[in-house]
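Peer 1: Handing you this structure, nothing more for now.
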Amino acid sequence: MKLTYIPITVKLNFDIPIKFDIPPLFVLRSVLGWQLRRLCCIATDAKCQDCKYHKSCVYSYVFETILDKTNQVQQGINRASHPFVFSDDNKVKLYEPIKTYSFKITLIGKAVDYIPYIYAALQKAGSKGLLKNRIPFKVERLLYKSDELLINDEKINTNFSKLIWDKSFATKKSKATEILVQLKSPLRFKSNGKYSTNFTAEQFFSCLERRYKTLFLLYGEGEDISELSYKSDKITISDRNLKWQDSKHYSARQRNVMKLGGAVGNFLLKGNFTEAQLSLLEFSKIFSAGKNTNFGLGQIDYWIR
């Protein structure tokens, strides 16, 4: 039960100060996808799901992630969770000028090998510029752990060791009885059939478990995990300090406005926790949780009291 990944910190330097009117990760996701498609697509008139090259196309793998509708991962759905996660420190305030911006892209599974494509697409996006004013930027740093991957503007170091998530799920009790959870960016998942901030501890852990199983089934290696269960008994949420934060994003592919709201804030989990539940929290800290994690949603942190 292994999942290969690498978190890359990217630092951008803008030619002049830039003001974002929507979250920067929304913008970067759009331009990265657009430029990656321009770099990789050799059948521009074909739709990705109908293209005979989609199984070997970097753009299709990273940004379309097409599934057969008879798949065993997300039945009835022909697009899967993408093999990357966006995150940042959420310190950028909208409409305030910034000259530099740093974010993290965590690549998962086979996408780990596509760093040169990601870098090339970001370079192209930088030369074209962002927002209506087309403000150019330069990729100033690509950091993996504390190592700089940029050798020069045209070359990056790809000789690095990959990280592997291989923590097995244990059922023994841990010593933790209280865990403070922070939702750093909107956590978006349905509880009782609707999006809400009023979810239970069991529903929260179910959200984390779905994310875990989905990524492993799509991109992991090893034994079948479909029967694993976290078994959250007698865990409750107290000191709930959550609010709903709305965001919107126009999807050029879908030609409509996507609502990307979710719960932000913090809450306290109380109860007797298993090692499995702690593993789920740690996994979600790295890979985020809920829907639209490739927009920077679902960023989680936690502290054991």
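The values are calculated or read from the model by the stated rules, or taken from the named source; none is laboratory data. Bear in mind that the values here come from a model prediction, so they are computed numbers and not experimental data. Note: ideal-geometry Cβ built from the backbone for every residue, glycine included; neighbour counts use all protein chains shown.
Peer 1: Quick check on the stretch 262-279: of everything there that is of a type in the set (S, T, N, Q) and in contact with a Lys or Arg (Cβ under 8 Å, 6 or more places away or on another chain), which residue is modelled with the lowest pLDDT?
Peer 2: Restricting to residues being of a type in the set (S, T, N, Q) and in contact with a Lys or Arg (Cβ under 8 Å, 6 or more places away or on another chain), the top hit is T274.
Peer 1: Among S127, S81, S60, S102, which is surrounded by 18 or more Cβ atoms within 10 Å (Cβ to Cβ), out of contact with any Gly (no Cβ under 8 Å at 6 or more places or on another chain) and not in a loop (DSSP other than H, G, I, E, B)?
Peer 2: Step by step, each of S127, S81, S60, S102 is checked, and only S60 is surrounded by 18 or more Cβ atoms within 10 Å (Cβ to Cβ), out of contact with any Gly (no Cβ under 8 Å at 6 or more places or on another chain) and not in a loop (DSSP other than H, G, I, E, B).
Peer 1: Quick check on this structure: which one of K145, K138 is more than 20 Å from the chain's Cα centre (by Cα) and in the same structural domain as I18 (by TED's automatic domain parsing)?
Peer 2: Only one candidate qualifies: K138.
Peer 1: Looking at the stretch 48-57, which of the residues that are of a type outside the set (D, E, K, R) and part of a loop (DSSP other than H, G, I, E, B) is nearest to T214 (Cα to Cα)?
Peer 2: C57
Peer 1: Would it be correct to say that D45 is loosely packed, with under 14 Cβ neighbours inside 10 Å, assigned to a loop (DSSP other than H, G, I, E, B) and either out of contact with any helix residue (DSSP H, G or I) (no Cβ under 6 Å at 6 or more places or on another chain) or among the small types (G, A, S) (or both)?
Peer 2: Against the criterion (loosely packed, with under 14 Cβ neighbours inside 10 Å, assigned to a loop (DSSP other than H, G, I, E, B) and either out of contact with any helix residue (DSSP H, G or I) (no Cβ under 6 Å at 6 or more places or on another chain) or among the small types (G, A, S) (or both)), D45 qualifies.
Peer 1: Residues to consider are T214, T158, T171; find the one that is hydroxyl-bearing (S, T, Y), out of contact with any Gly (no Cβ under 7 Å at 6 or more places or on another chain), closer than 25 Å to V264 by Cβ and at pLDDT below 95.
Peer 2: It is T214.
Peer 1: Considering each residue of the stretch 113-122, count those that are of a type outside the set (D, E) and surrounded by fewer than 16 Cβ atoms within 10 Å (Cβ to Cβ), and give that number.
Peer 2: Residues that pass the stated criteria total 1.
Peer 1: Test each condition in (1) more than 15 Å from A125 (Cα to Cα); (2) touching a helix residue (DSSP H, G or I) at 6+ places or on another chain (Cβ under 8 Å); (3) not small (G, A, S) for D89 and report the one that comes out false.
Peer 2: So the condition that D89 fails would be (2).
Peer 1: Mind telling me which of the residues V112, V62, V31 ends up being more than 30 Å from D166 (Cβ to Cβ) and of a type in the set (V, I, T)?
Peer 2: Among V112, V62, V31, only V31 is more than 30 Å from D166 (Cβ to Cβ) and of a type in the set (V, I, T).
Peer 1: Separate question: Residue under question is D113, and the condition is that it be free of Cβ contacts under 8 Å to residues at least 60 places away in the same chain, part of a loop (DSSP other than H, G, I, E, B), of a type outside the set (A, V, I, L, M) and not assigned by TED's automatic domain parsing to the domain that holds G296; does it hold?
Peer 2: Judged against the criteria, D113 is not a match.
Peer 1: Here's another thing I want to ask about it. Please state which one of K259, K234 is assigned by TED's automatic domain parsing to the domain that holds N192, closer than 30 Å to F20 by Cβ and modelled with pLDDT of 70 or more.
Peer 2: Answer to the selection: K259.
Peer 1: Let me ask something additional. Just to be sure before I move on: is L39 under 21 Å from Y117 (Cα atoms) and either more than 14 Å from the chain's Cα centre (by Cα) or not assigned by TED's automatic domain parsing to the domain that holds Y119 (or both) in the structure I sent?
Peer 2: When the stated conditions are applied, L39 passes them.
Peer 1: How many of the residues making up the stretch 27-52 are of a type in the set (A, V, I, L, M, F, W, C) and in contact (Cβ under 8 Å) with a residue 24 or more places away in the chain?
Peer 2: The number of residues fulfilling the criteria is 8.
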